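Take a look at the structure set out below.
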Amino acid sequence: MTARLPVFPLATVLFPGLVLPLHIFEERYRALVRHLVGLPDGTPREFGVVAIARGGEVASAAGRSAPDAGEVTLHEVGCTAELRQVTELADGGFDIVTVGRRRFRVADVDHHSAPYLTAEVRWLPEPDGPDEAAGVLAARVIAVFRQYLGLIRAEAGQLTEQLPEDPTVLSHLVAATAALTVADRQRLLAIDGTAARLRAELNLLNREAALLRQVRAVPVPLAELATPPPAPN
């Protein structure tokens, strides 16, 4: 089954069930929010979030377009964002809160029929019943994820989070909150089966935990490495 969706390219990956707040300042995406708000009651107010494979994200906060804004290449798999809260700002922009809803594969992107991108998408399958293998893997992922969290925090005693027992919800939460690259997250989003996603996450968490044990430090984001240290007084 296919559908046509407005599409918001971002330098991040959205997963079902996860909250994504956005500050909307670029005119084409202001138009998208106005379109969604104006839909009849009962109509799903959702748009597709797709991670950018190549190119710029959106125009700058000052309203200038990025040099490669017209050359954005998207990944094939994305997730819809359901509009939950809209705050209109004095400058005409919006602060919105969205929640990831359902995964899709992009079949065709249209750059011309609307001020924003639209795409024909095909919905991807989701689990519709208990999966014994996923349940076993979920318990293992919870144990390894707690060990991983202990390594990236100063005090393991601070680990008080209640992790979801539902294997599919857990798989999306781990994928979204672990310190993974966009490429790793994108690969996890594209996996159809919960058991297969959890198995991949076990491999990734074990890899990251092994690295953390070796260096005894949390990796610094590349953006911070590019920032010179403050000059001494």
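For the condition open to solvent by 30 Å² or more (accessible area, probe 1.4 Å) and not β-branched (Val, Ile, Thr), what is the one hit in 175, 139, 119, 114?
On the way: 175 fails: open to solvent by 30 Å² or more (accessible area, probe 1.4 Å); 119 fails: open to solvent by 30 Å² or more (accessible area, probe 1.4 Å); 114 fails: open to solvent by 30 Å² or more (accessible area, probe 1.4 Å).
Unique residue meeting the criteria: 139.
Residue 97 passes all but one of (1) under 20 Å from residue 17 (Cα atoms); (2) open to solvent by 40 Å² or more (accessible area, probe 1.4 Å); (3) touching a Lys or Arg at 6+ places or on another chain (Cβ under 9 Å); (4) at pLDDT below 90; which number fails?
(4) is the only condition that residue 97 fails.
Just to be sure, is residue 109 modelled with pLDDT under 95, surrounded by 15 or more Cβ atoms within 10 Å (Cβ to Cβ) and touching a strand residue (DSSP E or B) at 6+ places or on another chain (Cβ under 9 Å)?
When the stated conditions are applied, residue 109 passes them.
For the range 66-88, state whether one or more residues are modelled with pLDDT under 95, in a loop (DSSP other than H, G, I, E, B) and open to solvent by less than 50 Å² (accessible area, probe 1.4 Å).
Yes - at least one qualifying residue is present in the range 66-88.
For a quick check of your reading of the model, give me the residue pairs whose first member lies in the range 147-169 and is over 24 Å from residue 100 (Cα atoms), whose second is at pLDDT below 55 and small (Gly, Ala, Ser), with beta-carbon atoms closer than 8 Å and at least 6 apart or on different chains.
From the range 147-169, the pairs are 150/156.
The values are calculated or read from the model by the stated rules, or taken from the named source; none is laboratory data. Source: prediction; values computed, not measured. Please note: Cβ atoms are built from the backbone with ideal geometry, for glycine as well, and neighbour counts cover all protein chains shown. Please note that ligands, DNA and RNA were not included when accessible areas were found on the heavy atoms of the full protein model with its side chains. Shrake-Rupley method; radii C 1.70, N 1.55, O 1.52, S 1.80 Å.
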